[in-house]
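Chemist: Sharing a structure below in structure tokens format, with a few things to ask.
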Amino acid sequence: MVRRALALLTRPLPQPPRLLRQGPLRPGRFKSRLHNERVASFLGLALGITFSVCFVTGLISHAIQHPPSWFLWPSRPVNLYRATQGLHVMTGLASVPLLLAKLWTVYPKLWEWPPARNLAHAIERASLFVLVGGAMFQIVTGLANIAYWYPFGFFFTTAHYWTAWITIGAMVVHIGTRATVARRGLSRTSPDLAAEPAGSGLSRRGFLTTVGVASGVIVASIIGESAPALRDLNLLGPRRADVGPQSLPVNKSAAAARVTDRARDPAYRLQVAGAVPHPLSLTLAELAAMPQAGAGLPITCVEGWSADGHWSGVRVRDLLARAGVGTDVRLRIESLQPGGLYRTSMLEGSHVGDPLTLLALRLGGRVLHVDHGYPCRLIAPNRPGVLQTKWVHRVVVL
Amino acid sequence: MTPELEPPRTLSAEEPPRWRGRFVLYAVGAATMLVGLRGLLTHASSTSPPHWLLIFAGGAVLHDGLWAPVVAVALLVGSRLVPTAYRAVVQGGVVVSGLLVLAVLPELLGYGRKADNPSVLPQAYGRHLLLTLGGVWLGVLLLVGWRRLHRPPFFAPDESAD
């Protein structure tokens, strides 16, 4: 059975008429010395690494936001998510030159003759189309997303997530088909090392260096939006860590969330409800009269930027103690927002009892700006910005 | 006497025998792709498969059918204008500049700006891009100058003025 299937897959397909072999399909059409196995192997290896890093860090970000039952994200180290998500976006940016250079290096393969030698070859080429389509999709949508540009007609997060699985699957198949060729291309005994045809443009090493420099320049001009130490380099980042109300960027403004009037309503109360012996309903003054704690924590956005703030407010664990429960509980934090995907967030595990997890009332010593969640917002260590719920009015103990 | 060298591999060189374990990777890869496809289809209200397909297939087709040939011809024609001695380093500068512009195009276009939120895309991207490109081309100039003094092995021989 297997033997018959293999025979079918490898049986030569009829050759198309030679008359069709025109233009780029003609032999020897691509003369550049850069269309070369060793160059393709190095670029392929680099892309294998950057795509794998993007996939793993993307899975982490997805799991934090939609946790499966077995997944628990810790509250420490404080900057772990900042590192994984910064890495996700920066490796994605570094992949732009790598991907285009790789596609250009192997471009003659697109025009190989005959287009399909047998059924197995045809399937392999179809899987390459999936790989190229998926890789371009991820890069294009990712670049647009960090610049808050959504011209696609689908919801970015969902499409980017599921396409990542398709792309990585196609990459694994590609590794299966190319492993030995790449190994030969990368080996120290590769004949490509000894002889390089003469030419006047970039050499192979020069080309690879150019691609590396391009990735480096792109990342260097943006990484300052993620890494505080490199903030001065941030010339082209879609955000600046110090630009925004109270010198901190905002993702969704109060106006965009249609929450301004509710947030400024003097009748505001913070409620602690659900499975508690003593439900609470506290005015802003009562909250401010409780013991105040400080926390230096970043807002870490899924778009890759992060910015440090010094927050102060009531520890969530103090609030729970007043309501008569410990920290071994799950909480649903609810916003005054009338709707939206991020109206509520779950707080569980080590985040609940962490002394840095606050319902913050102040930022940088001043009352929260309404765009930062006035009257009261959640701020917790090692957590994506979309889960740092703003305009909090209810904490439900589940 | 120079030893006879094996010719360098073109992309169409004879392939070595494939790795025996490849079928495991084919199975894992196919299963992973199916996970993604299933996810896309079960969340069709968010992923909008027709729009998804347009970007997915459109990206590959536009790249292969338009982008790659245009870039190849532009580089080929453009590089003839540069003396052979500096051709490589100028090509490098052009490639880095082009890739940088592509990567920050969404910021340059600025379609993501929001009236109610000035912290989104707050920078003068046009001016900052020119500044960064200035840095890149300063590097190119320095390399050209260095090249006039030295002949580093970094650049390939350029005996043939093709």
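Chemist: Can A:V181 be described as within 7 Å of chain B (Cβ to nearest Cβ), aliphatic (A, V, I, L, M) and free of Cβ contacts under 8 Å to residues at least 40 places away in the same chain?
Modeler: Here the answer is no, as A:V181 does not meet what is asked.
Chemist: Can you tell me which residues in region A:1-55 are within 38 Å of the chain's Cα centre (by Cα), of a type in the set (A, V, I, L, M) and in a helix (DSSP H, G or I)?
Modeler: A:V39, A:A40, A:L43, A:L45, A:A46, A:L47, A:I49, A:V53
Chemist: Continuing with this model, one more query. Can you tell me how many residues within region B:39-70 are under 26 Å from A:P108 (Cβ atoms) and more than 7 Å from chain A (Cβ to nearest Cβ)?
Modeler: So the answer is 8.
Chemist: Being within 21 Å of B:D64 (Cβ to Cβ), touching a Pro at 6+ places or on another chain (Cβ under 6 Å) and within 7 Å of chain B (Cβ to nearest Cβ) is true for just one of A:L103, A:L143. Which residue is that?
Modeler: Testing whether each residue is within 21 Å of B:D64 (Cβ to Cβ), touching a Pro at 6+ places or on another chain (Cβ under 6 Å) and within 7 Å of chain B (Cβ to nearest Cβ) leaves just A:L143.
Chemist: For A:F137, are the conditions met, namely being at pLDDT 95 or above, aromatic (F, W, Y) and surrounded by fewer than 21 Cβ atoms within 10 Å (Cβ to Cβ)?
Modeler: no
Chemist: Then there is this: Can you pull out the residues in region A:138-170 that are under 14 Å from the mean Cα position of the chain (by Cα), farther than 16 Å from A:T57 by Cβ and of a type in the set (G, A, S)?
Modeler: A:A144, A:A147, A:A159 - these are the residues of region A:138-170 that are under 14 Å from the mean Cα position of the chain (by Cα), farther than 16 Å from A:T57 by Cβ and of a type in the set (G, A, S).
Chemist: Could you tell me which residue of region A:108-127 is nearest to the chain's Cα centre (by Cα), considering only residues that are assigned to a helix (DSSP H, G or I), among the aliphatic types (A, V, I, L, M) and more than 9 Å from chain B (Cβ to nearest Cβ)?
Modeler: Within region A:108-127, the match that is nearest to the chain's Cα centre (by Cα) is A:A126.
Chemist: Still on this structure, I have one more. Is region B:132-139 home to any residue that is part of a loop (DSSP other than H, G, I, E, B) and at pLDDT 95 or above?
Modeler: No: zero hits.
Chemist: Taking the residues in region A:339-348 that are at pLDDT below 95 and of a type outside the set (F, W, Y) as candidates, determine which candidate is nearest to the chain's Cα centre (by Cα).
Modeler: A:L341
Chemist: Shifting gears a bit: How many of the residues in region B:8-56 are among the charged types (D, E, K, R), in a helix (DSSP H, G or I) and modelled with pLDDT under 95?
Modeler: Here the count works out to 1.
Chemist: A follow-up question, please. How many of the residues making up region A:186-207 are within 19 Å of A:P97 (Cβ to Cβ) and either crowded, with 20+ Cβ neighbours inside 10 Å or among the acidic types (D, E) (or both)?
Modeler: 5
Chemist: Related question: State all residues of region A:50-82 that are at pLDDT below 95 and within 20 Å of A:L297 (Cβ to Cβ); if no residue qualifies, say none.
Modeler: Within region A:50-82, just A:L72 meets the criteria.
The values are calculated or read from the model by the stated rules, or taken from the named source; none is laboratory data. The model shown is predicted, which means the values in this text are computed figures rather than measured ones. Reconstructed Cβ throughout: ideal geometry from the backbone, glycine too, with neighbour counts over all protein chains shown.
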